[in-house]
Amino acid sequence: MEDKKAREILEHYKYEQNQLIHILQDIQTEYRYLPRETLSFVSRELKIPLSRVYSVGNFYNAFSLKPKGRHLISVCLGTACHVRGGKRISEEIERVLNVKSGGTTPDQEYTLETVNCVGACALGPVIVVDGKYHGQMTSAKAKKLLSAMKDSGGNGKNGKNKKS
Amino acid sequence: MLKVTIDGIEAEADKEITILQLAKKLGVEIPTLCHHDAITTYGACRVCTVEAGIPRSDGKLRVRMVTACNYPIRDNGIVINTKSERVLANRRMILELLLARCPNAKKIKDLAAEYGVLKSRFPSENPEEECILCGLCTRVCQEIIGKSAISLVGRGFERKVLAPFDEPSQDCIACGACAYICPTGAIKIEIEDGKLLIKNWKTSRELAKCLICGEYAGPEAVLQYIKEKAALPDDIYLLCDKCRRKKLQKELIASA
């Protein structure tokens, strides 16, 4: 199967074997995960054994072999955030979204993950939503943030429809 | 040539040979699990840990614990201890950890017992576990067979040897080199209904029968692969070991 987007990415990196991680990063950004067929395609085109591509894709946290949601919520559970109640916040979000940490909602909208420090300990507890940092988080604030996202999520969907 | 003292024996060694190579040459025994002479060293199992002291300019020794399998000898006057109390204590700890991971693997149990380790203080996660993640199987598959059908996957607790996506791999020809080389016997091969199965990688390959005696000659994929690599004629590659030897013997005698 020809994978146009993957082909473009491979061409951009001139099919160089040592660019594997960059290539996988771009594929991750493009598809929000690493699809199996794409990994096989990359392995064939770069002439790197599939077992190697698979183990690289599996090794780094930045890669996911399962589809991730449109919105990524990372709850920091580093030491500082943890002692200030990061755990409670992640549990609250788990309840609201009805998804376990590391999981994605069935509608593919949200992925919840916990991370071990985002380097903003003074703001703790921190949650990062689609790359935006929200400090001094509480379960109540997290709930508000989620419902605000859900409301604008409707708009987001419209926007998505416009694109397609 | 460099001067080396190993367990009090004075010897000479070529630069860049490993401590393990030198020890073998001198008949000094160092235990190994993840090492094989034909395959790149990896230093995964740590049981070959020895003490190496490099003389400093002030005449004192700077002693370190190093893995003999991948430590190249580069310094003149290096002093190596393979049986000092520190080395043995270290090795016992490593074996205890390995024993906690694989409490029922015979090779690990035997080696640990040799060093007086009969029980591990550490809890075992899975008493069935036999893999020590030394990567010999993945290295033989890549370097000797040239297939790279399996690899070490995941990190930390989740690390495992798997075929891609934990599914039957197109690349695995069921040659069994991984099972042959595995130091702990963690890789299981079975023959069932004319097929060779490697359970760990979910491989299942048809076995071919010998053209002469009708016994299994090996997995078809393997014979095909050997045929291509060695450019063998059709009537040779489809024979079992015994018949092939007989046939070649006859031909050799006839041609003499």
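Please tell me if B:Glu251 is over 19 Å from B:Ala174 (Cβ atoms), acidic (Asp, Glu) and assigned to a helix (DSSP H, G or I). Reasoning before the result, please.
Values: over 19 Å from B:Ala174 (Cβ atoms): yes; acidic (Asp, Glu): yes; assigned to a helix (DSSP H, G or I): yes.
Against the criterion (over 19 Å from B:Ala174 (Cβ atoms), acidic (Asp, Glu) and assigned to a helix (DSSP H, G or I)), B:Glu251 qualifies.
The rows are residues; the columns are (1) touching an Asp or Glu at 6+ places or on another chain (Cβ under 9 Å); (2) closer than 28 Å to A:Pro125 by Cα; (3) assigned by TED's automatic domain parsing to the domain that holds A:Gln108.
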{"residue": "A:Tyr13", "(1), (2), (3)": "yes, no, no"}
{"residue": "A:Thr29", "(1), (2), (3)": "no, yes, no"}
{"residue": "A:Ser40", "(1), (2), (3)": "no, no, no"}
{"residue": "A:Pro49", "(1), (2), (3)": "yes, no, no"}
{"residue": "A:Ser64", "(1), (2), (3)": "no, yes, no"}
{"residue": "A:Cys76", "(1), (2), (3)": "no, yes, yes"}
{"residue": "A:His82", "(1), (2), (3)": "no, yes, yes"}
{"residue": "A:Gly85", "(1), (2), (3)": "no, yes, yes"}
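If we only count strands (runs of 3 or more DSSP E) wholly inside segment B:77-193, which ones have 2 or more residues that are away from every other protein chain (no Cβ under 14 Å) and free of Cβ contacts under 8 Å to residues at least 24 places away in the same chain? Spell out how you get there, then give the answer.
Numbers: elements: B:78-81, B:151-153, B:160-162, B:189-192.
Here the list reads B:189-192.
Looking only at segment B:194-220, how many residues end up being within 14 Å of chain A (Cβ to nearest Cβ) and surrounded by fewer than 17 Cβ atoms within 10 Å (Cβ to Cβ)?
Counting residues in segment B:194-220 that are within 14 Å of chain A (Cβ to nearest Cβ) and surrounded by fewer than 17 Cβ atoms within 10 Å (Cβ to Cβ) gives 1.
It is to be established whether one or more residues within segment A:8-20 are within 24 Å of B:Glu158 (Cβ to Cβ) and part of a helix (DSSP H, G or I). I'd like the intermediate steps shown before the answer.
Filtering segment A:8-20 down to residues within 24 Å of B:Glu158 (Cβ to Cβ) leaves A:20.
Restricting the remaining residues to those that are part of a helix (DSSP H, G or I) gives A:20.
Within segment A:8-20, one or more residues are within 24 Å of B:Glu158 (Cβ to Cβ) and part of a helix (DSSP H, G or I).
If B:Phe122 satisfies every condition in (1) in the same structural domain as B:Asp7 (by TED's automatic domain parsing); (2) surrounded by 15 or more Cβ atoms within 10 Å (Cβ to Cβ) but one, which is the exception?
(2)
Counting just the residues of segment A:18-37 that are more than 19 Å from B:Leu162 (Cα to Cα) and crowded, with 21+ Cβ neighbours inside 10 Å, which one comes out nearest to the other protein chains (Cβ to nearest Cβ)? If you could, list the steps in order and put the result at the bottom.
Residues of segment A:18-37 more than 19 Å from B:Leu162 (Cα to Cα): A:18-33.
Within this subset, residues satisfying the condition of being crowded, with 21+ Cβ neighbours inside 10 Å are A:23-24, A:27.
Working: A:Ile23: 17, A:Leu24: 14, A:Ile27: 16 Å.
Only one residue tops the list, namely A:Leu24.
I'd like the full set of residues that are buried (at least 19 other Cβ atoms within 10 Å of the Cβ) and assigned to a loop (DSSP other than H, G, I, E, B), limited to segment B:45-59. Even if it seems obvious, please write down each step before you answer.
If we filter segment B:45-59 for residues that are buried (at least 19 other Cβ atoms within 10 Å of the Cβ), which is where we start, we get B:45-52.
Matches in segment B:45-59: B:Cys45, B:Arg46, B:Val47, B:Cys48.
Does segment B:194-206 contain any residue that is assigned to a loop (DSSP other than H, G, I, E, B), hydrophobic (A, V, I, L, M, F, W, C) and within 26 Å of the chain's Cα centre (by Cα)? Can you show your working first?
Taking segment B:194-206 as the starting set, the residues that turn out to be assigned to a loop (DSSP other than H, G, I, E, B) are B:194, B:202.
Of the ones still in play, those that are also hydrophobic (A, V, I, L, M, F, W, C) are none.
Among the residues of segment B:194-206, not one is assigned to a loop (DSSP other than H, G, I, E, B), hydrophobic (A, V, I, L, M, F, W, C) and within 26 Å of the chain's Cα centre (by Cα), which makes the answer no.
From the residues in segment A:41-77 that are among the charged types (D, E, K, R), within 13 Å of chain B (Cβ to nearest Cβ) and over 14 Å from the mean Cα position of the chain (by Cα), which one is farthest from A:Val99 (Cα to Cα)?
So the first thing to find is which residues in segment A:41-77 are among the charged types (D, E, K, R), and the list is A:44-45, A:47, A:52, A:66, A:68, A:70.
Now restrict to residues that are within 13 Å of chain B (Cβ to nearest Cβ): A:44, A:47, A:52, A:66.
Checking which are over 14 Å from the mean Cα position of the chain (by Cα) leaves us with A:44, A:47, A:52.
Working: A:Arg44: 36, A:Lys47: 38, A:Arg52: 31 Å.
For segment A:41-77, the residue satisfying everything is A:Lys47.
The values are calculated or read from the model by the stated rules, or taken from the named source; none is laboratory data. If you're wondering where the values come from, they're calculated on a predicted model, not measured in any experiment. We place every Cβ from the backbone using ideal geometry, glycine too, and count neighbours over all the protein chains shown.
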